[in-house]
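Okay, structure first, notes after.
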Amino acid sequence: MRAVFITGASSGIGAALARHYAARGAAVGLVARRAEALAALAAELGGTAWTDAGDVADAAFMRRAASAFMQARGVPDLVVANAGISIGTLGAAAEDLAVLERILRTNVLGLAATLQPFVEPMRARGAGTLAGIASVAGFRGLPGAGGYSASKSAAITWLESLRTELAGSGLRVVTVCPGYIDTPMTRVNRYRMPFLLSAEAGALRIAGAIDAGRSLAVVPWQMALASLALRAMPNWLYDRLAAHAPRKPRGLPG
């Protein structure tokens, strides 16, 4: 790949993907909120990375960032909408409505605002891949994480709609649903995380799924089996099991 644009690139999966693609010789465009962390990563990559700091939920900022990157590096071969936050929420807590809004703006609007500016330039070229990082949490409503589960379910559905809209255009839309990856987002969890992968191992598998052009990929494959079981589980059984499941801490952005 000649050029790759990644959001949420200052740490975790985004930074690991940036290292992966830069090592393959791609010109990488990196966007995140933390300018200092982006600068440090760019220096690590040899200073050739293009960076811009801002909020992915700010559609005007993302349009400017996309335009600036394309002027500097050309139309990318791959765009990865990776930026996201995870905060525990309770549906009965009035104070969590503001948290829910923040999660939805970042994880849903931010994903759409990241990919949208690249659609027409890629369609004009007739090639390219648009990838969105969702989560296995989007397959069922997790207790104590209604905002996060809802945002990732919406991301999965939005990407599916985009994929059908772009059928025949030469563009691919890839939805990646990671399980547990060792990142700042998951390190606040106070419970066992099955099939936990390092950020580097997770990024390698995610990149493999993107390279394969799979419409929907769950990483790692063991979580795919677990997700299938959860989706097939009758509501009465899921409700009984989920009611006692451990919950993500509230008020801790990831």
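Bear in mind that the values in this text are calculations on the coordinates, not laboratory data. Here the structure is a predicted model, which means the values were calculated and not measured. Positions of Cβ are generated from backbone atoms using ideal geometry, with glycine treated the same way; all protein chains shown enter the neighbour counts.
Which angle from 0 to 90°, rounded to the nearest 10, does the C-alpha axis of helix 199-212 make with the longest principal axis of the chain?
Between helix and principal axis, roughly 70 degrees.
Using only Cα atoms and rounding to the nearest 10 degrees, what angle (0 to 90) does helix 146-165 make with the longest principal axis of the chain?
50
Given H placed 1.01 Å from N in the peptide plane, which residues other than close sequence neighbours of residue 83 have an amide H under 5 Å from its amide H?
Residues meeting the amide H criterion: 7, 8.
Pairing the Cα long axis of helix 221-232 with the longest principal axis of the chain, what angle in degrees results, from 0 to 90 and rounded to the nearest 10?
50
What list of ³J(HN,Hα) values in whole Hz, one per residue of the range 85-100 in order, does the Karplus curve 6.51 cos²θ - 1.76 cosθ + 1.60 (θ = phi - 60°) give from phi, with Gly and Pro shown as x?
10, 9, 9, x, 9, 10, x, 8, 8, 4, 5, 7, 5, 5, 5, 4
If packing is taken as the mean number of other Cβ atoms within 10 Å per residue, what is the order of 57-64, 132-139, highest first?
For the peptides 57-64, 132-139, the packing ranking is 132-139, 57-64.
Which whole-angstrom value gives the distance between the alpha carbon centres of the range 11-63 and the range 128-148?
22
As a footprinting exposure proxy, order 238, 148, 21, 180 by other Cβ within 10 Å, with the fewest listed first.
Working: 238 15, 148 28, 21 25, 180 19.
Ascending number of Cβ neighbours within 10 Å: 238, 180, 21, 148.
In sequence order, what are the phi-derived ³J(HN,Hα) couplings for the range 21-27 according to the Karplus relation 6.51 cos²θ - 1.76 cosθ + 1.60 with θ = phi - 60°, rounded to whole Hz, with x for glycine and proline?
Residue by residue, the range 21-27 yields 6, 5, 5, 8, x, 7, 7 Hz.
Starting from one equal scatterer on each C-alpha and no solvent at all, send me the Debye-based log10 I(q)/I(0) for the chain at q = 0.16 Å⁻¹, two decimals.
The Cα Debye sum returns log10 ratios of -1.19.
Taking the Cα centre of the range 3-242 as origin, work out the dipole magnitude from +1 charges on Lys and Arg Cβ and -1 charges on Asp and Glu Cβ, in debye rounded to 20.
For this selection, approximately 340 debye.
Using DSSP to define loop residues, name the trypsin sites (Lys or Arg not before Pro) in the range 160-231 whose beta-carbon has at most 15 other beta-carbon atoms within 10 Å.
In loop regions of the range 160-231 (DSSP not H, G, I, E or B), the sparsely surrounded trypsin sites (Lys or Arg not before Pro) are 187, 190, 192, 214.
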